[in-house]
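Presented below is the structure to which this report refers.
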Amino acid sequence: MPSPGEHHPAFEEYCECIYELREDDVEVIQARIADRLLVSRPSVSEMMHRLEAEKLITIRDAKIQLTSKGEELAQSVVRRHRLAERFLTDMLGLSWAQAHREAGKWEHVMSTEVEDAIARVLGRPTTCPHGNPIPGTGYTAPLAVRLSDVEVGHAFTVSRIPEELEFAAGILDFLEETHLVPGRSGVVTSSLKTGSVTVDIEGNSVKVEPFASLRILVTTA
């Protein structure tokens, strides 16, 4: 895999974004990249030309795909980010939101030696704290459904918090504070057609707004 510093950090950031949008089943077009990275569409367009020139992406019918070279780069950045999040939460006790911000810096500078050492110290984890697979571990996510699709009275276990929610202001803090985290179980107590869901988890009643309930992935019995 590419070593830190082999590619410009901006190239890493964009390839990582494309990878994560695809992982979240979000259409990979320039508008979605601009929304995720909070940059202008002209800036995205310019970067797409640069990534094409570097043979990191291809664009067909406005849809953007990583080349094998781009996929390798994206996986290396995502792996470092998710390992960093695990280390920062599991070993240093940082909150999800803090770890996500710090990992965004670590992913561009972490050496292969440090990456391997962190994985070893953590016992070779297969997912980040939010349940997203760490590339290269061979992890296969369980069959999951959206929290909003669970019927009232049915139990669920949180499986994965997609990357899209990690970029939404305040969502990570909300999920961590209300125990809507991977491995925790609850019961849906009410559900509206809008997607708003109320759950009983860890003995607390928690209202989950549509933006989150339509994206949180859970398993059911």
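According to the calculation over all Cα-Cα pairs in the stretch 137-221, the P(r) per 10 Å bin from zero is 19, 57, 22, 2 %. Compared with the rule-of-thumb size 2.2 N^0.38 Å for a compact globular protein, the stretch 20-179 has a Cα radius of gyration ratio of 1.12.
The gain in end-to-end length when the residue 52 to residue 168 segment is fully stretched comes to 38.9 nm, 0.36 nm per residue minus the alpha carbon separation.
Charge dipole (Cα centre; +1 on Lys/Arg Cβ, -1 on Asp/Glu Cβ; no other charges) of the stretch 68-156 amounts to roughly 100 debye.
What you get for the chain, charging only the Cβ of Lys and Arg (+1) and of Asp and Glu (-1), is a dipole of about 240 debye around the Cα centre. Round to the nearest 10 and give me the degree value, 0 to 90, for the angle of helix 112-121's Cα axis relative to the longest principal axis of the chain. In the chain, helix 112-121 runs at an angle near 20 degrees to the longest axis. Between residue 113 and residue 139, the contour length at 0.36 nm per residue exceeds the Cα-Cα span by 7.2 nm.
Partners of residue 193 within straight-line reach, counting aspartates and glutamates whose Cα lies under 12 Å from its Cα and excluding those fewer than 8 residues away in the same chain: 149, 151, 209. For the stretch 1-72, GluC sites (Glu not before Pro) meeting the loop criterion (DSSP other than H, G, I, E, B) and having at most 11 other Cβ atoms within 10 Å: 6, 27.
Counting only Cβ charges, +1 for Lys and Arg and -1 for Asp and Glu, the dipole size of the stretch 1-107 around its Cα centre is about 80 debye. Sorted from greatest to least, the principal axis extents spanned by the alpha carbons of the stretch 96-149 come out as 42, 25, 16 Å.
A convex hull fitted to the Cα coordinates of the stretch 29-94 yields 96 cubic angstrom per residue.
Here the chain has 51 percent of its accessible surface on carbon and sulfur atoms, given a 1.4 Å probe and all protein chains in place.
The values are calculated or read from the model by the stated rules, or taken from the named source; none is laboratory data. All values derive from a computational prediction rather than experimental measurement. Reconstructed Cβ throughout: ideal geometry from the backbone, glycine too, with neighbour counts over all protein chains shown. Protein only, heavy atoms only, side chains kept; ligands, DNA and RNA dropped before computing areas. Shrake-Rupley method; radii C 1.70, N 1.55, O 1.52, S 1.80 Å.
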